[in-house]
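Read the structure below first, then the notes.
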């Protein structure tokens, strides 16, 4: 019989939480900020998946959510105290994003200017997810200045934000939404 997994542990009531490995840190620790932002991104991608997108995109978003859980665990691991074997990111995870970006991009009008986010609610949600992804990337880069973080983690977040941008354009194009070009007022 499996042990019930309690939602509340009461161990964080004083503003601390445990990293993988048991080390206690404040809930505002830079590791928590990084993987918490990835968790926010993961939830937002779940929202996009629940909208009217095709089955291939749903499949990709589920795969991305899986990879983001892996990424969160890697960010939450204290290498000095952890003895757990964690799931890993692989170069093939990044290649999947790159291949999907290329395939979508090949069917889109050439981009010659910055575009304003929006045009359809699903498109806007993709742009918000892209912004959350960029924040997660920035926080992870900052974290990597003080702690060992796999280069694949940062690379994955970078490529995922590119994927979300192109996905926004693809969905907008599929829905016939007009891309609004940014016209700088100089």
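Here, each number is a calculation from the coordinates, and none is a lab measurement. In this text, all values refer to a predicted model and were calculated from it rather than measured experimentally. Don't worry about glycine lacking a Cβ; one is built from the backbone with ideal geometry, like all the others, and counts go over all protein chains shown.
Contact order, relative form, for the stretch 53-186: 33 percent (alpha carbon pairs under 8 Å, 6 or more residues apart, mean separation divided by residue count). What is the angle, in °, between the Cα long axis of helix 30-49 and the longest principal axis of the Cα atoms in the chain? Nearest 10 is fine, range 0 to 90. Orientation of helix 30-49: about 50 degrees from the principal axis.
Of 31, 138, the sequence from fewest to most neighbouring Cβ atoms within 10 angstrom is 138, 31. Counting 0.36 nm for each residue step from residue 95 to residue 80 and taking away their Cα separation leaves a gain of 2.3 nm. With helices as the sole contributors, the chain gives -20000 deg cm²/dmol at 222 nm; each DSSP H run of n ≥ 4 counts as -39500 (n - 2.57), and the sum is divided by every residue. Note on the chain: GNM, Cα springs under 10 Å; of 110, 123, 53, the largest mean-square fluctuation is that of 110.
Maximal additional length on extending the residue 43-residue 7 stretch stands at 11.2 nm, based on 0.36 nm per residue less the C-alpha distance. The fewest-to-most ranking of 147, 35 by surrounding Cβ atoms within 10 Å reads 147, 35.
With angles folded into 0 to 90 degrees, how steeply does helix 151-175 sit against the dominant principal axis of the chain? Use alpha carbons for both and round to 10. Here the helix axis deviates by roughly 40 degrees. A Förster radius of 22 Å combined with the Cβ-Cβ distance from residue 14 to residue 147 puts the calculated FRET efficiency at roughly 0.40.
Comparing 55, 88, 65 in a Gaussian network model of the chain (Cα springs below 10 Å), the most mobile by mean-square fluctuation is 55. Once the chain from residue 184 to residue 52 is taken as fully extended at 0.36 nm per residue, the excess over their C-alpha distance is 44.2 nm.
Listed by Cβ neighbour count within 10 Å, with the fewest neighbours leading, 167, 89, 51, 79 appear as 79, 51, 89, 167. Relative to the longest principal axis of the Cα atoms of the chain, the long axis of helix 91-105 makes an angle of roughly 20 degrees.
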